[in-house]
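This report refers to the structure that appears directly beneath it.
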Amino acid sequence: MKRTPKTQGAAYKRLTRRALVLGGMQFAFVGGLAARMRYMQVDQADQYRLLAEENRINIRLIPPTRGRIYDRNGQIIGQNAPSYRIVIVREDAGDVDKVIAKLSQLIPLNEDEIERAKAEMKRTAPFLPVTLADQVTWEDISKVAINTPALPGVTPEVGLTRQYPRYEDFAHVVGYVGPVSDYDLSKMEDPEPVLMIPRFQIGKVGLEAKKEDLLRGKAGAKRVEVNATGRVMRELDRREGQPGADLQLTIDADLQEYAQARLAGESAAVVVIDCETGDLRAISSTPSFDPNLFVRGISVADYQALTQDNHRPLANKTVQGTYPPGSTFKMITALAALEAGVVGPGNTVYCPGYLKVGSRRFHCWKRGGHGMVDLETSLKRSCDVYYYDVALRVGIDKISDMARKFGLGIKHDLPMSAVAAGLAPNQEWKQTTHGQDWLVGDTANASIGQGFMLASPMQLAVMTARIATGRSVTPRLIRSVDGVEQPSGAGEPLDVNPANLDQVRKAMYKVSNDRRGTAYRSRIIADEFRMAGKTGTSQVRNITKAERAAGVIRNEDLPWERRDHALYVSFAPYDNPKYAVAVVVEHGGGGSKAAAPVARDVMLQALYNGTPPLEAYPVADRDRIKEQQKRLEGDRRPKARPDEKDRA
């Protein structure tokens with residue numbers, strides 16, 4: 001078919017448009033290629049020239065700033081402080097031994113550190129800095145800075161290190177940090193690259209270790225130009241890291257400091273818990289230690305002094321130590337019996353001084369017995385026979401279940417090291433653990449907190465808070481993370497008859513406020529702060545028949561390590577519980593003598609939020625308390641540490 005001139009003109013126009021489109025696309029492609037070539041050959045010429053000259057770009061990590069730790073009122077507990085050190089570059093120094101000799105005339109140098117530095121210099125490139133002296137004073141830094149012309153290769157540097165300004169007060173709670181070790185790395189499946197930075201610090205024990213991921217933060221990075229031998233030529237750019245989270249604890253630093261001072265000289269523990277929220281207001285374990293020693297690298301002599309002390313300063317007795325709870329457990333036995341309906345508040349048991357079970361006698365602490373006792377009297381005067389009797393009727397399994405309901409025999413979820421679960425044994429436990437049947441004698445022992453029964457001071461404080469409130473109060477250590485409030489530990493109502501709880505609370509009130517109560521001498525007489533409590537004494541040795549016949553040896557006449565543990569638990573105010581306190585004094589003897597006075601003093605300090613008035617104490621105690629308050633106030637004043645006085 002022959003095209004007309006008109007048809008041929010239209011086809012020509014379409015062909016021209018296509019040619020223009022294709023030509024434009026080709027031009028854009030060529031233009032883009034030219035622009036890319038110009039970018040690579042002109043704009044990036046320096047970088048590719050570096051690569052051509054066997055130089056390269058390295059990514060190097062920037063250590064993050066560790067998160068700070070505060071008490072509930074904003075007082076600093078763990079912080080980052082400037083750390084001054086002296087470094088040396090081998091190739092710049094020339095004769096290293098000669099330079100070190102000159103440096104030693106200016107500042108004191110540790111021989112072990114010098115040998116370590118020399119060994120490190122042999123392993124590393126000659127242009128890399130090696131630390132000669134760490135944690136030096138500002139005065140030493142100044143001396144080195146002034147004399148740098150005479151010290152080739154020597155440079156003063158500043159970094160950050162962890163510091164604990166409250167020293168011993170929070171050592172067992174917060175713990176400490178230290179340089180990453182091969183052992184630390186061996187426990188990790190895929191260690192983060194930041195952990196490979198020389199002398200990078202991580203949490204070793206306590207809160208520092210348990211919340212390491214939060215406190216550490218995220219590392220930054222910088223791009224540096226290095227030559228073929230690895231020397232840094234210049235820094236190209238950097239990306240700052242993310243600092244670690246700041247943690248605010250529930251603990252009151254002033255109350256913690258008071259508790260530590262009040263327990264000074266004892267191997268003991270005290271826990272104060274807020275009954276309304278579960279907040280731990282004080283967690284004190286004595287003796288303690290200075291965590292700053294571990295950050296800097298503790299000496300062999302200092303470490304041996306800690307490990308060889310029979311009062312065990314490195315152990316956190318508040319959560320790690322487990323003890324037979326003694327008579328402080330009697331409230332649990334009473335509640336189990338009341339809930340099971342085998343005993344009522346008015347039912348009595350006769351105590352002649354012992355209860356015969358089979359061929360064995362289980363003795364009461366009072367040799368002549370207490371006569372007829374009911375629930376209130378049994379707690380007030382701490383009669384053992386009453387609890388032997390009711391426990392045999394209720395059985396160990398129900399007692400064990402009640403113990404767990406009140407926080408005993410379970411491991412509380414706390415960010416602290418070596419938190420113990422304690423033990424609330426039952427028939428199945430003994431069969432599984434020891435392959436033996438449970439005996440009625442085991443039940444008698446357990447009913448007064450002896451035998452297999454074990455509890456930590458933390459668990460005893462939780463038990464007391466739950467008795468005081470009737471709720472499943474849960475201990476809380478961290479109040480907020482970067483300002484974000486953490487869940488409360490107030491808890492839900494317990495599945496326990498409120499009337500039975502009330503009977504036990506009334507009996508605990510009599511323990512502290514009735515003239516015949518075992519803790520009457522350590523009562524609080526301020527009406528608005530009346531305290532309810534229970535004394536306890538747990539044996540650490542067996543008393544033979546011969547010794548019982550001749551008269552049981554007094555604790556004061558025994559070696560320290562064979563004396564009974566002293567315990568006391570309490571809550572106040574009685575009619576509106578605010579705080580619960582648990583005290584354990586290792587080998588302290590009787591709970592009424594060694595533990596109850598400590599609990600009363602710490603409780604008043606918490607209730608008054610500071611030094612209480614003498615009018616809160618019994619008249620007979622006021623002169624002694626006045627002198628004690630003066631002494632403790634002096635002990636608590638900040639003291640300059642020999643190793644800190646020259647720091648900037």
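General remarks:
- Sparse packing (at most 14 other Cβ atoms within 10 Å of the Cβ) combined with a DSSP loop state is found for the following GluC sites (Glu not before Pro) in segment 117-190: E189.
- Ranking of I332, I76 by count of other Cβ atoms within 10 Å, fewest first: I76, I332
- Taking the Cα centre of segment 126-232 as reference, the dipole from Cβ charges on Lys and Arg (+1) and Asp and Glu (-1) amounts to some 260 debye.
- Whichever lysines have a C-alpha closer than 22 Å to that of K102, once near sequence neighbours (fewer than 8 apart) are set aside: K118, K122, K143
- Once the chain from D92 to E139 is taken as fully extended at 0.36 nm per residue, the excess over their C-alpha distance is 14.5 nm.
- Ranked by the mean number of other Cβ atoms within 10 Å of their residues, highest first, the peptides 205-215, 247-257 fall in the order 247-257, 205-215.
- Stretchable slack from S299 to A101, in nm (0.36 nm times residue separation minus alpha-carbon distance): 68.9 nm
- Set K356/K411; K366/K578; K506/K578; K211/K411 screened for pairs whose C-alpha atoms are more than 27 Å apart: K356/K411; K366/K578
- Amide hydrogen neighbours beyond the local backbone of T65, cut-off 5 Å, H modeled: G244
- Where labels lie 7 Å past Cα in the beta-carbon direction, separation of A421 and K506 in nm: 3.8
- In order through segment 362-371: 3J(HN,Hα) via Karplus (6.51 cos²θ - 1.76 cosθ + 1.60), integer Hz, x for Gly, Pro: 9, 8, 8, 5, 8, 4, x, x, 10, x
- Taken over the chain, the convex hull of the Cα atoms encloses 298 Å³ per residue.
- Peptides 101-107, 454-460, 69-75 ordered by average Cβ neighbours within 10 Å, highest first: 454-460, 69-75, 101-107
- Extension gain for L160 to N497 (0.36 nm times residue separation, less C-alpha to C-alpha distance): 115.7 nm.
- Cα centroid separation, segment 109-132 to segment 574-641 (Å): 52
- Cβ-Cβ FRET estimate between L614 and V552, R0 fixed at 30 Å, reported to 0.05: 0.20
- Kyte-Doolittle mean at least -1.0, axial Cα span of 27 Å or more - DSSP H helices of the chain: 5-38
- Packing rank of 599-612, 270-283, where each peptide gets the mean count of other beta carbons within 10 Å, highest leading: 270-283, 599-612
- Whole-Hz ³J(HN,Hα) from phi, Karplus 6.51 cos²θ - 1.76 cosθ + 1.60, for segment 155-167, glycine and proline x: 9, x, 10, 10, x, 10, 9, 7, 9, 10, x, 8, 6
- Segment 459-527 and segment 367-436 have their alpha-carbon centroids 18 Å apart.
- Only aspartates and glutamates eight or more places from K405 in sequence, or on another chain, were considered; those with a Cα closer than 16 Å are E339, D397, D413, E492, D495.
All of the numbers you see were taken from the coordinates with simple rules; none came from a lab. Bear in mind that the values here come from a model prediction, so they are computed numbers and not experimental data. Ideal geometry is used to build each Cβ from the backbone, glycine not excepted, and the neighbour counts take in all protein chains shown.
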